[in-house]
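Input: a single structure, listed below in structure tokens.
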Amino acid sequence: MTRDSGPTPPSDRIVSLDALRGLALLGILLINVWSFSMPEQTLLNPTVYADGAVYGDFTGANYWAWAFSHVFAQNKFITLFSALFGAGILLFVDSKNAKGQDAVRLHYRRTAILIAIGLVHAYLLWYGDILVAYGVTALVVVAFRNLDARQLAGLSAVFLLFIPVTELLAAISLGGDAVAAQWAPSEAAIRQQVAAYRGGWLEQLDHRVASSFDRQTTGYIGGSFWQVGGTMLLGMALYRWDVLTGERSAAFYRRLVALGVVGLAITVAGVAYIEANDWSADAALYWRQFVYVGSFPLAGGYLGLVMLYARRRPDGPVTRGLAAVGRTAFTNYLLQTVIATSVFYGHGLGLFGSVSRVEQLGFVAAVWAVQIVLSVVWLRRFRFGPVEWVWRTLTYGERQPMRNPD
């Protein structure tokens, strides 16, 4: 068997695909910053707080900071990232098959490494890890690699319908009781979590370990497997249809942008709905459907915008900056955790629970600036990011070349 142990040459990379991945990676931080800097319960109900905490101010600029992130980012960028991950599975398998390699064996090996890194990330650094869910799901969806695009899209729809159907059934049969404990947690539970993350690394383990385990077991089986799996399958279909590689017509991508406006309207309607119901638990599961359904067309709109822009300015600074972040996405994802936990957790600056939503956006903008600059500078000298280098080296079982040729 021939082994290609070298990286994909830059000339063979799809710049628009890298730029889209970079945008998704940066956009994810708009939502992840909530769980880095505030109690986990605020992810479900943004009005949750205790003891007059700074982050509990949900008026004026702080309300609009939340609304901006919720409308334009919540579930949208993770949708893009998951679709790109699914496309990446086919890119990898197709590439290895074309070279006569055992593509599936290599896929399982690189996925096992991804899961191992994710477990370390989840239990030692941050409970919000997505790598484990991606890895376990990738072990499943690779079985559908030989389906055509239409079949992949149909299977994706089956997966993606699971969550709204089950949540609507719960809303109809149980009402607010289905989410009451998570929607309105006790102030004591909130205070305990704030104290844990303002404390040292060992004090944080009580919450981080329990939350990570719950997300990777019941949370995964009942939720993320279906959403992540369905979105990966959708990404595989879009790859087969040449949508993610920028090969469709400009008119097609403009239609995607128009579809994004529909997604935006659905999301805004959801905000109006939950506010009209005074943020009640009875309305929560219905509101979540606005968020979930609206995210897919709006993510499609972002896809269309990036493809159109990258086609028009393939060598422009924005395209090159986003593509650099996308080429080092694994490294940058973990770097976001390192930076955020160093700022918000007690083993760092200890700002957990004491930063307003406007200040959170300032933090996000600062991290974006650092990551874009670092990624561009790094790739001038090196072929790929340091974590990508480790991942590839372990996958192929031999040391990979790191520096760019002079």
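Below is a table of values for the structure above.
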quantity	calculated
Cross-chain or 6+ apart pairs with Cβ under 6 Å, the stretch 291-312 first and surrounded by fewer than 24 Cβ atoms within 10 Å (Cβ to Cβ), then among the acidic types (D, E)	none
Test for W368: is it surrounded by 15 or more Cβ atoms within 10 Å (Cβ to Cβ), touching a Leu at 6+ places or on another chain (Cβ under 9 Å) and not in a loop (DSSP other than H, G, I, E, B)	yes
Given (1) assigned to a helix (DSSP H, G or I); (2) touching a Ser or Thr at 6+ places or on another chain (Cβ under 8 Å); (3) surrounded by fewer than 19 Cβ atoms within 10 Å (Cβ to Cβ), number of the condition H70 does not satisfy	(3)
V268, sole failed condition from (1) within 20 Å of L17 (Cβ to Cβ); (2) surrounded by fewer than 17 Cβ atoms within 10 Å (Cβ to Cβ)	(1)
Filtered residues of the stretch 43-52 (kept if surrounded by 19 or more Cβ atoms within 10 Å (Cβ to Cβ), touching a Gly at 6+ places or on another chain (Cβ under 9 Å) and either among the polar types (S, T, N, Q) or closer than 21 Å to V343 by Cβ (or both))	Y49
Pairs with Cβ under 9 Å, 6+ apart, first in the stretch 23-37 and without any contact (Cβ under 8 Å) to a residue 12 or more places away in the chain and at negative phi, second outside any helix (DSSP H, G or I) and among the aliphatic types (A, V, I, L, M)	none
Candidates R288, R254 - the one that is among the charged types (D, E, K, R) and either within 16 Å of L23 (Cβ to Cβ) or under 21 Å from the mean Cα position of the chain (by Cα) (or both)	R288
Filter pass, V120 being more than 15 Å from the chain's Cα centre (by Cα), crowded, with 19+ Cβ neighbours inside 10 Å, free of Cβ contacts under 8 Å to residues at least 60 places away in the same chain and over 29 Å from G362 (Cβ atoms)	no
Some residue of the stretch 366-374 being touching a residue at least 40 places away in the same chain (Cβ under 8 Å), under 30 Å from L264 (Cα atoms) and not β-branched (V, I, T)	yes
Conditions (1) under 28 Å from L394 (Cα atoms); (2) at pLDDT below 95; (3) touching a Lys or Arg at 6+ places or on another chain (Cβ under 9 Å): number failed by A50	(1)
Residue that is farthest from the chain's Cα centre (by Cα), among those in the stretch 326-365 that are over 23 Å from I117 (Cα atoms) and without any contact (Cβ under 8 Å) to a residue 60 or more places away in the chain	L349
G304 vs. criteria touching a Lys or Arg at 6+ places or on another chain (Cβ under 8 Å) and within 30 Å of G199 (Cα to Cα)	no
Scan of the stretch 120-170 for residues that are touching a Gly at 6+ places or on another chain (Cβ under 8 Å) and either among the hydroxyl-bearing types (S, T, Y) or not in a helix (DSSP H, G or I) (or both), ordered by number	D129, I130, Y134, T137, S156, T166
Identity of the residue in the stretch 243-261, of a type in the set (A, V, I, L, M) and buried (at least 16 other Cβ atoms within 10 Å of the Cβ), that ends up nearest to L84 (Cα to Cα)	L244
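The values are calculated or read from the model by the stated rules, or taken from the named source; none is laboratory data. Every value quoted in this text rests on a predicted model; they were computed, and no experiment measured them. Counting neighbours? That spans all protein chains shown, and the Cβs are built from the backbone with ideal geometry, glycine included.
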